[in-house]
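The values are calculated or read from the model by the stated rules, or taken from the named source; none is laboratory data. All of these numbers come straight from a predicted model, not from anything done at the bench. Cβ atoms come from the backbone with ideal geometry, glycine included; neighbour counts cover every protein chain shown. SASA here: full protein model, heavy atoms, side chains in, ligands and nucleic acids out. Shrake-Rupley method; radii C 1.70, N 1.55, O 1.52, S 1.80 Å.
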Amino acid sequence: IVGALDIESVRSTVGYLAAPFLSQWVLPNTIIGISGSRSLYRLIEHMQPPSGTRGAVAVQLMGNIGASVSYFDAIENCRNLAGSFGGVYYTLNAPAIAIDADSCQTFMAHHDVREVWDLYSAMQIAFVGIGSLAHSSFIEREVIAPDDVERLRACGAIGEMCGRFYDNLGQECFPDFQERVVAIRLDELRRVREDVAVTAGVGRAEAILAAMRGRLIK
């Protein structure tokens, strides 16, 4: 399929086929964590609530990638899902990557951010995208400095989920970078009852396999 269709057509096809199945999981008032992802955007675009299902709560799992919002960013994916299911959404009003660990802690201490974090423990479903070191929105949009990219590569980074880079065992790497990320932690994702990854494109196989090894997706 990838060879015959452009990548956006592939993402749309994946979303179209997955949407009816995943829409059935969203019961009234279900709390759903959502990341940024082009493939996830296509899934949400096709999702429709089953009869009588209203009131889903969408929660942003990661901070914002830059000042300019793209259509597939976490905040937009949350807004779109909440709109389709007649619910509300909670935004994480902070950058995904802070300039240093102290700045990250300042964001984390803010009341609005803590309110979102408190919802993570009650979350029943998470919809996440999977990136890689070669195909990451963070690198594409130059949110991560070249020096940090090299350090991530040296640490064996294979995949990326919610701005957190992990190795071939699904374990987060580069501790100094971890402490600057304003996003749900991988251990918190592992505790979610249903953690669904949506991704498409060439070069994602290693990242998907590593996420499965690390039980980052169910």
Take PHE127 and decide whether it is within 30 Å of PRO28 (Cβ to Cβ), in contact with a helix residue (DSSP H, G or I) (Cβ under 7 Å, 6 or more places away or on another chain) and among the aromatic types (Phe, Trp, Tyr).
yes
Reported set for region 50-72 where residues are part of a loop (DSSP other than H, G, I, E, B), open to solvent by less than 50 Å² (accessible area, probe 1.4 Å) and in contact with a Gly (Cβ under 7 Å, 6 or more places away or on another chain) is GLY55, ALA56, LEU61, ILE65, PHE72
Residue count, region 202-218, condition over 15 Å from PHE165 (Cα atoms) and among the charged types (D, E, K, R), comes to 1
Within region 186-208, is even one residue hydrophobic (A, V, I, L, M, F, W, C), in contact (Cβ under 8 Å) with a residue 24 or more places away in the chain, assigned to a helix (DSSP H, G or I) and open to solvent by 30 Å² or more (accessible area, probe 1.4 Å)?
yes
Looking at SER103 and the list (1) in contact (Cβ under 8 Å) with a residue 60 or more places away in the chain; (2) of a type in the set (Ser, Thr, Tyr); (3) open to solvent by less than 30 Å² (accessible area, probe 1.4 Å), which single condition is not satisfied?
(3)
Return only the number of the condition from (1) among the aliphatic types (A, V, I, L, M); (2) more than 17 Å from CYS162 (Cα to Cα); (3) surrounded by 18 or more Cβ atoms within 10 Å (Cβ to Cβ); (4) in contact with a helix residue (DSSP H, G or I) (Cβ under 7 Å, 6 or more places away or on another chain) that ALA98 does not satisfy.
(2)
Which numbered condition GLU160 misses (of (1) among the acidic types (Asp, Glu); (2) open to solvent by 60 Å² or more (accessible area, probe 1.4 Å); (3) assigned to a strand (DSSP E or B))
(2)
Considering (1) hydroxyl-bearing (Ser, Thr, Tyr); (2) touching a residue at least 12 places away in the same chain (Cβ under 8 Å); (3) under 23 Å from SER136 (Cα atoms), say which one TYR89 fails and leave the rest.
(3)
From the residues in region 134-151 that are surrounded by 20 or more Cβ atoms within 10 Å (Cβ to Cβ) and in a loop (DSSP other than H, G, I, E, B), which one is modelled with the lowest pLDDT?
SER136
Give GLY15, GLY83, GLY36 a once-over and let me know the one that is under 19 Å from the mean Cα position of the chain (by Cα) and in a loop (DSSP other than H, G, I, E, B).
GLY36
